[in-house]
Amino acid sequence: MITFLLVILLMVESVQFFLQFKNLAKEAVDNQRPVYIVDSQPIDLDAYLREYFANKVPKKTIYVTVTAYSSTNSETDNTPYLTAIGTEVRDGIVAANFLPIGTVIRFPDKFGAKLFMVEDRMSAKHGLQVDIWMSNKEKAKKFGIQYLKMDVF
């Protein structure tokens with residue numbers, strides 16, 4: 001009887017320990033882009049990109065297949081919360097194999113002036129396709145597969 005109670009207690013402790021880290025991971029994913037330091041001054045990358053690209057004309061406009069992904073094991077490699085360049089996933093990140101890392105793009109018909117940056121890669125089988133990171137699997141599934149106009153800067 002005592003052994004049974006000890007096993008139950010150990011299981012409860014294990015679940016509590018796991019849930020503690022699960023919450024930490026979720027909080028990390030919900031964060032916005034990190035603040036970068038330029039000339040000893042913190043800058044908000046989103047604000048900087050919006051200002052810099054506000055009056056820029058895209059170098060190219062093409063139509064591509066756009067899907068969405070989230071940080072689940074079934075949709076990523078063994079580091080679901082890190083991009084191909086080692087940054088944490090966050091809103092505004094896309095994966096694309098046909099564009100250089102760091103390329104800034106937008107989908108004006110779907111997201112207006114919102115800018116996205118290529119920081120991740122997809123499986124080699126994907127060609128002219130862009131995968132937008134979303135905070136959960138339900139949002140990614142709801143987004144589905146779309147054929148969108150994409151501006152490349």
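Read-outs: derived from the displayed coordinates by stated rules, not from any lab. Because the structure is a prediction, the values reported are computed rather than measured. Because the Cβ atoms are built from the backbone with ideal geometry, glycine has one as well, and the counts that use them run over all protein chains shown.
Listed by chain and number, the lysines whose alpha-carbon sits under 20 Å from that of LYS110, ignoring those within fewer than 8 places in the same chain, are LYS56, LYS59, LYS60, LYS137, LYS139, LYS141, LYS142, LYS149. Any chance you could tell me what percent of the C-alpha pair distances in the stretch 37-152 go past 23 Å? Tail of P(r) above 23 Å: 28 percent of Cα pairs. Ordering SER123, SER135 by the number of other Cβ atoms within 10 Å of each residue's own Cβ, fewest first, gives SER123, SER135.
State whether the stretch 114-153 is rounded, prolate or oblate according to the following rule on the C-alpha gyration tensor (a ≥ b ≥ c being the square roots of its eigenvalues): a/c under 1.5 gives rounded; otherwise a/b larger than b/c gives prolate, and the remaining case gives oblate.
Details: a/c = 1.43, a/b = 1.21, b/c = 1.18.
Rounded is the answer for the stretch 114-153, as its axis ratio a/c remains below 1.5.
Neighbour counts of other C-beta atoms within 10 Å: give me GLU138, GLU88 arranged from fewest to most. Before the final figure, lay out each step's value.
Working: GLU138 10, GLU88 15.
With the fewest neighbours first, GLU138, GLU88 line up as GLU138, GLU88.
Computed from phi, the 3J(HN,Hα) profile of the stretch 122-129 under the Karplus parametrisation 6.51, -1.76, 1.60 (θ = phi - 60°) reads 10, 4, 4, 6, 8, x, 7, 9 Hz, with x in place of Gly and Pro. Near MET122, the amide H atoms lying under 5 Å from its own belong to ALA96, ASN97; only residues 5 or more places off or on other chains count, and H is placed 1.01 Å from N.
Starting with the fewest neighbours, write out LYS139, LYS125 ranked by other beta-carbon atoms found within 10 Å of each beta-carbon.
Values: LYS139 13, LYS125 7.
So the ranking, lowest neighbour count to highest, is LYS125, LYS139.
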